[in-house]
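So the structure is just underneath, and the comments pick up after that.
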Amino acid sequence: MNAVTMRPIGIVKNSNTVTGEIPLWGQEKTVIEVFPGYEGALLRMEEHSHFWILSWFDKARRDLVSVRPERINPDIPEYGVFGIRTPARPNPIALSLVKLDKIERNKLYVIGFDAISDTYILDIKPYYEQDVIFSPRAPFLRPVQFQKRYDYMFKLAINQHQEDCLDLRLAIRMGLIAEQEFGKLNSPDLLLEVTGSRCLGDVLQGLSRARLSNPPRFSFTASNEQNKSIWSRGDKRLSIELKKASASRHNEISDTELFTITIT
Ligand SMILES: [Zn+2]
């Protein structure tokens with residue numbers, strides 16, 4: 001078979017050395033040290049906010065062509081490795097989307113990277129606006145643990161809304177309730193009506209990937225009085241309305257203390 005030779009362009013430096021301990025949705029801060037001779041390749045990088053990082057996960061298994069993503073949910077069926085982002089694959093090239101925090105000489109400080117320390121970097125490419133498919137079709141790989149489901153939705157929400165505001169937190173809570181009832185929120189037959197703040201509408205649109213048309217799934221009415229989302233599929237309808245007085249205590253209270261929830 002033909003061989004391909006690659007020279008790493010940098011190396012990861014962070015405090016994680018165990019692959020299983022990296023948060024599934026990436027780490028707060030990671031440093032990528034770019035090797036001497038490649039500093040010129042960093043020219044004008046700071047004009048972009050996000051990058052794709054291609055790295056070499058040398059500890060991953062290379063003898064598997066299908067896996068069950070047990071870290072997420074042991075009940076998920078087996079997938080061929082080209083249909084899932086498992087590190088196990090014939091060539092363990094990892095693809096990670098990161099946010100650039102800052103560049104200092106040959107060091108890139110990035111947020112959201114999922115590589116352990118001393119991982120080799122093969123390449124870095126900017127994330128373009130035209131890379132975005134707002135509502136792609138994708139299987140429902142729902143994590144078993146609540147915290148993982150929360151973290152996953154938080155990542156979707158912050159990618160969409162770009163600020164961590166109160167309404168973002170409330171929208172995530174609404175999204176988790178809706179997911180419990182309806183399964184995957186980005187599903188072509190799940191409709192969403194939002195009445196409330198623009199932040200709430202924006203985040204819920206991001207979580208559900210509901211578009212205004214083709215298919216028409218989303219509607220929004222701005223209101224200062226109400227914060228409410230209504231999710232429906234066929235005859236089933238779930239209404240989640242914020243009890244205004246509870247909003248500031250959202251971190252400490254249960255769904256039913258925070259919202260009036262009705263299912264019809
Ligand atoms: Zn906001």
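Couple of notes before you dig in:
- Among residues of segment 58-94, those that are in contact with an Asp or Glu (Cβ under 6 Å, 6 or more places away or on another chain) and not in a loop (DSSP other than H, G, I, E, B), counted: 1
- Condition met for ILE22 (within 30 Å of GLY183 (Cα to Cα) and surrounded by 11 or more Cβ atoms within 10 Å (Cβ to Cβ)): yes
- Residue within segment 141-148 that is in contact with a Phe, Trp or Tyr (Cβ under 9 Å, 6 or more places away or on another chain), assigned to a helix (DSSP H, G or I) and modelled with pLDDT of 95 or more present: no
- The condition of being touching a residue at least 60 places away in the same chain (Cβ under 8 Å) and within 16 Å of the ligand (Cβ to nearest atom) holds for only one of ARG198, ARG173, ARG209, that being ARG173.
Conditions tested, residue by residue: (1) surrounded by 12 or more Cβ atoms within 10 Å (Cβ to Cβ); (2) touching a Pro at 6+ places or on another chain (Cβ under 7 Å).
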site: ILE133; (1), (2): no, no
site: LEU141; (1), (2): yes, yes
site: LEU156; (1), (2): yes, no
site: ASN159; (1), (2): yes, no
site: ASP164; (1), (2): no, no
site: ASP167; (1), (2): yes, no
site: LEU176; (1), (2): yes, no
site: SER187; (1), (2): yes, no
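- Test result for LEU242, surrounded by 18 or more Cβ atoms within 10 Å (Cβ to Cβ), within 16 Å of the ligand (Cβ to nearest atom), at pLDDT 95 or above and not assigned by TED's automatic domain parsing to the domain that holds GLY26: yes
- Failed item, numbered, when SER232 is tested on (1) modelled with pLDDT under 95; (2) more than 16 Å from the ligand (Cβ to nearest atom); (3) small (Gly, Ala, Ser): (1)
The values are calculated or read from the model by the stated rules, or taken from the named source; none is laboratory data. Because the structure is a prediction, the values reported are computed rather than measured. Here the Cβ is made from the backbone with ideal geometry for all residues, glycine too, and neighbour counts use every protein chain on show.
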